[in-house]
Amino acid sequence: MFDAKYERSNFPRIRPEWLAQVAEPAVEPELPVIDPHHHLWDVESAFYHAPELVADANSGHRVLASVFVECKAHFDEDAPAGFAPVGETRFAVAQAQAAARLPNGDANLVKGIVAYGDPFGANAQAVLEAHIEAGQGRMRGVRVRAAWHADPAFAAPHDGPDEGTISSPELDRYCALLAEMGLVLDLWVYHTQLDQAAALARRHPALSIVLNHCGGPLGIGPYANRRADVRAAWRESLARVAANHNVSVKIGGLAMPRTGLSFADATRPASSLELVERWTPYVRTCIDLFDAGRCMFESNFPVDKGSCNYVSVWNAFKIMCAGYPAAARRAMLAGTANRVYALGVEALTEEALS
């Protein structure tokens with residue numbers, strides 16, 4: 001797992017009694033949702049396993065499936081060099097099986113797994129093959145953590161990336177391998193690195209890349225009280241990423257403390273309308289640049305659960321995309337994730353045919 005200092009700085013505490021202060025009915029509960037980005041872990045202040053996932057998925061919205069994204073949980077520290085992250089994939093499968101057995105559970109929760117990707121690790125192809133075997137049909141790709149900034153406000157975990165990760169020859173070799181194996185690359189960078197992310201996408205046009213968390217706009221440290229300047233710089237660089245049609249974007253993760261858009265320190269959790277007020281400029285920019293076919297909304301739970309509950313976050317997404325055509329809304333809420341991660345959710349296919 002992450003070191004304690006990193007956890008305290010980046011994972012707001014989940015407070016059920018605090019979250020209960022805001023109870024909204026789900027907006028348009030008939031619309032299908034796929035949550036393409038959530039975690040499962042043992043973080044003491046934000047514990048999240050199958051029971052918590054099932055409870056959130058059944059809180060009002062029609063969640064058809066979900067994708068687990070690596071969070072350095074349950075690594076197998078006794079494994080040979082490079083293979084420790086495969087333990088997390090086995091853990092995710094066990095959680096998927098547990099979710100299916102729970103009352104109101106669903107076999108499509110954790111239908112996809114995005115495993116931990118280490119471009120510098122030993123035995124890269126063998127490790128990926130081990131993930132695929134351990135995933136039991138759920139493995140869809142890996143996430144590479146390249147998010148780095150020199151300012152101490154954005155200190156990475158002790159074993160995190162460095163400045164050179166995003167442009168390293170090791171990452172290029174890893175991307176070529178992912179493309180060859182038909183796996184997706186989830187990429188986590190900050191907005192200050194988006195031009196390098198765009199260059200990476202240009203070098204690997206055959207690789208499906210999913211940019212995490214709106215491209216990582218920052219709002220603390222040297223970016224505090226500079227929201228308009230950051231948005232302008234972020235948008236300009238994000239446009240260069242979006243010009244690469246092999247890149248999709250996950251819209252969410254905006255309640256993380258580093259964005260400066262969190263409600264974690266408020267006296268009550270955010271309502272959907274409060275999220276809409278604070279997040280709309282970022283959400284609409286992503287949609288305008290990538291179009292609906294390359295956009296997917298994400299909960300980023302349980303990290304964003306420190307600011308709002310599951311119903312509110314999906315209500316906010318539905319409200320923010322309310323002015324778009326019905327087909328575009330369905331793509332952003334479920335269809336894009338279903339296609340990019342090859343989830344094969346039958347209900348979506350059936351609805352499209354009807």
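Key figures for this structure:
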quantity: Relative contact order, percent, the stretch 4-340 [alpha-carbon distance under 8 Å, six or more residues apart]; calculated: 20 percent
quantity: Reachable lysines, given that their alpha-carbon falls under 17 Å from the alpha-carbon of residue 318 and they are not under 8 places away in the same chain; calculated: 250
quantity: Debye, to nearest 20: dipole size of the chain, +1 on Lys, Arg Cβ, -1 on Asp, Glu Cβ; calculated: 840 debye
quantity: Overall dimensions of the stretch 1-120 by Cα: Rg and Dmax, Å; calculated: 15.6, 49
quantity: Kyte-Doolittle mean at least -1.0 and Cα axial length at least 15 Å: DSSP H helices in the chain; calculated: 86-101, 124-135, 169-181, 227-242, 272-290, 310-320
quantity: Estimated translational D of the stretch 82-174 in µm²/s (Stokes, Kirkwood radius over Cα pairs; 20 °C; 1.002 mPa s); calculated: 145 µm²/s
quantity: Approximate spin-label separation residue 136-residue 177, in nm, with each point projected 7 Å along Cα-to-Cβ; calculated: 2.6 nm
quantity: Contour minus Cα-Cα distance for residue 42 and residue 199 (0.36 nm per residue); calculated: 52.9 nm
quantity: Cβ-based charge dipole, the chain, positive-most Cα from 29, 113, 43; calculated: 29
quantity: Efficiency of FRET between residue 327 and residue 239 - r from beta-carbon atoms, R0 30 angstrom, step 0.05; calculated: 0.80
quantity: The stretch 1-154: relative contact order in percent, alpha carbon pairs under 8 Å with at least 6 residues between; calculated: 20 percent
quantity: The chain: Cα Rg divided by the 2.2 N^0.38 Å rule of thumb; calculated: 0.91
quantity: Net charge of Cβ neighbours under 11 Å - reference residue 340; Lys, Arg +1; Asp, Glu -1; calculated: +3
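Every number in this text was worked out from the coordinates using simple rules, so none of it is lab data. Bear in mind the structure is a predicted one, so any value in this text is a computation, not a measurement. Every residue, glycine as well, gets a Cβ built from its backbone with ideal geometry; the counts of neighbours run over all protein chains shown.
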